[in-house]
Amino acid sequence: IYGFIFAILSISFYFIIRYKFNNYNNLFSYLSLISNNYFSGVNITSGIFNMPRNTDLRWHYFIRDYLEAIPFGNTLFGYNYDVIQLFFNDSNGVYGQIPTTIACGYYYFGVFFAPVYSIILALLTLYGGTKIQSSKHFLDKVIWLYFTLVMSLGIIMYNISITLTTITYNLIPIFLIKMSLKGKKNDT
């Protein structure tokens with residue numbers, strides 16, 4: 001319980017300091033701005049309607065979502081940060097916003113297939129939850145909890161490119177390390 005209290009106090013202290021140093025006039029407008037940046041609402045999801053519906057652009061960014069998730073992808077493919085987030089921000093005249101999974105699904109697949117990514121991530125979240133419950137070792141539970149957290153954040157807070165990048169940069173190496181540790185235990 002002390003860790004939870006410490007975490008809440010630390011986060012509160014961080015945002016109070018940030019509020020003071022950025023010279024905001026109204027605490028509530030500052031908190032609204034912060035929550036709007038971190039938790040997508042209708043305004044961010046509807047921003048996808050401001051983007052050009054050109055088929056070539058949609059394919060371009062659809063492919064970039066997957067190329068971005070490849071480690072060292074910028075070196076291999078040279079996309080130079082030509083990603084959906086920056087295109088979304090430029091199209092909407094904003095900075096630092098992340099288009100939602102459902103919005104990207106709509107942009108790539110249209111109205112009827114917009115929830116494809118969300119459904120897949122929801123199923124993976126449920127799968128991760130069952131793996132947490134069936135795991136016997138603490139490390140396995142932590143790894144599956146992280147997997148479940150990433151998948152659920154992919155639905156509500158991130159988009160598919162951020163989720164795929166997290167999988168390839170963090171989750172796959174964690175699973176590989178865990179498998180190699182399991183292999184060394186069997187060797188001894």
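FYI, it's all coordinate maths here, none of it is from the lab. A quick note: this is a predicted structure, and the numbers were derived from the prediction, not measured. Don't worry about glycine lacking a Cβ; one is built from the backbone with ideal geometry, like all the others, and counts go over all protein chains shown.
Between Gln97 and Ile174, the contour length at 0.36 nm per residue exceeds the Cα-Cα span by 24.9 nm.
Close Lys pairs in the chain, defined as Cα atoms under 27 Å apart and 8 or more places apart or on different chains, number 13. In the chain, the sites counted are trypsin sites (Lys or Arg not before Pro) in DSSP loop states with at most 11 other Cβ atoms within 10 Å, and the longest stretch holding none of them, exclusive of the sites, is 54-135. Using the Kyte-Doolittle scale, find the helices of the chain whose mean hydropathy is at least 0.0 and whose Cα atoms extend 24 Å or more along the helix's long axis, counting only whole DSSP H runs. Those that pass (Cα extent of 24 Å or more, hydropathy at least 0.0) are 2-21, 116-134, 138-156. Here Phe4 and Asn54 are evaluated by their C-beta separation; at R0 = 41 Å the FRET efficiency comes out at 0.25.
Across Asn25, Asn43, Asn54, mean-square fluctuation computed from a Gaussian network of the chain (C-alpha pairs under 10 Å connected) peaks at Asn25.
What net charge do the residues around Tyr30 carry, taking every other residue with its C-beta under 14 Å from that of Tyr30, with Lys and Arg at +1 and Asp and Glu at -1? Net local charge, Tyr30 excluded: +2. Within the set of other residues whose C-beta is less than 12 Å from the C-beta of Tyr106, count the net charge using Lys and Arg as +1 and Asp and Glu as -1. With Lys, Arg at +1 and Asp, Glu at -1, the neighbours total +2. Between the listed residues Gln133, Ser152, Ile167, the Cα displaced farthest toward the positive end of the dipole of the stretch 108-188, a dipole computed from Cβ unit charges relative to the Cα centre, is found at Gln133. Once the Cα-Cα distance is subtracted from the 0.36 nm per residue extended length, the Leu123 to Tyr66 segment shows a gain of 18.5 nm. Spin-label pair Ile34-Leu181: with each label point 7 Å from Cα along the Cα-Cβ axis, the two points sit 3.4 nm from one another. Count Lys and Arg as plus one, Asp and Glu as minus one, and take only other residues whose Cβ is under 11 Å from that of Trp144; the net charge is then +2.
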